Amino acid sequence: MRAIAVILALATASPALAAEPAKPAPKPAAKPAPKPASGGAFDARDPAALVALLASMDAKATIAGSGNGVVVLDIATPGGKFGAQFVDCDAKGKACGMVAFSTAFDRRGPNLQQINVFNRTQVACRGYLTDDGRSNVMYGALLTARMSSAEMKQHLGVWQGCLSTFGRFNREPQAYAPGA
């Protein structure tokens, strides 16, 4: 009650205040349009950006082929070789929608049943067998114009973990998937 009395006293003490319409709250300043995460210098959808990023990481990537919305890279790192396939690219081989990192293992290891057990235990790392029985592993990432080079490095880290896990599995599939 006391608070209501104070408010009424203030309102009646100054008729000008009581009669003045409430002013709307000031609008917040408009936010600038979002920019690509690294100021436009890195576009994860462009295979050339991955080539440059890998070069900064002591790795080498070359374009092995392109066409029909696909760009394929051969990549060599201190830890080994693998490929990257950009898909859903524009006519210039840029603005791609996804990249898939993959590699084939020379050593024959798991059978189809064991590969299936492996895949049921993984979220991002997918194994498969080629027609000649060699095991392969793949990791895919969706690409956006907003993806930063740091985010792409995280995807490369996930891929490296995938390679390590699948490599252990490929060496001893029975130990990884007992009974399969």
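Of note:
- Distance from region 74-99 to region 101-180 (C-alpha centre basis), Å: 17
- Förster radius 22 Å - calculated FRET efficiency between Ala52 and Ala76, Cβ distance, rounded to 0.05: 0.90
- Between Asp132 and Ser66, the modelled label-to-label distance comes to 2.9 nm, taking each label 7 Å out from Cα in the direction of the beta carbon.
- Region 116-170: projected area of the alpha-carbon convex hull, averaged over directions, in nm²: 4.4
- A simple spin-label model places the labels of Thr121 and Lys94 4.4 nm from each other, with each point 7 Å out along Cα-to-Cβ.
- Highest-first packing order for the peptide set 123-133, 72-82, 46-56 is 46-56, 72-82, 123-133, based on the mean count of other beta carbon atoms within 10 Å.
- Working note: Debye formula, equal point scatterers on the alpha-carbon atoms of region 51-180, no solvent; log10 I(q)/I(0) at q = 0.22 Å⁻¹ is -1.32.
- The listed peptides 137-146, 112-121, ordered by packing as a protection proxy, come out as 137-146, 112-121 (highest mean of other Cβ atoms within 10 Å first).
- Percent RCO, i.e. relative contact order, over region 72-127, from Cα pairs under 8 Å lying at least 6 residues apart: 21
Read-outs throughout are calculated quantities, based only on the coordinates presented, and are distinct from any laboratory measurement. All figures in this text were calculated on a predicted structure; none of them were measured in a lab. Note that each Cβ is placed from the backbone with ideal geometry, even for glycine, and that neighbours are counted across all protein chains shown.
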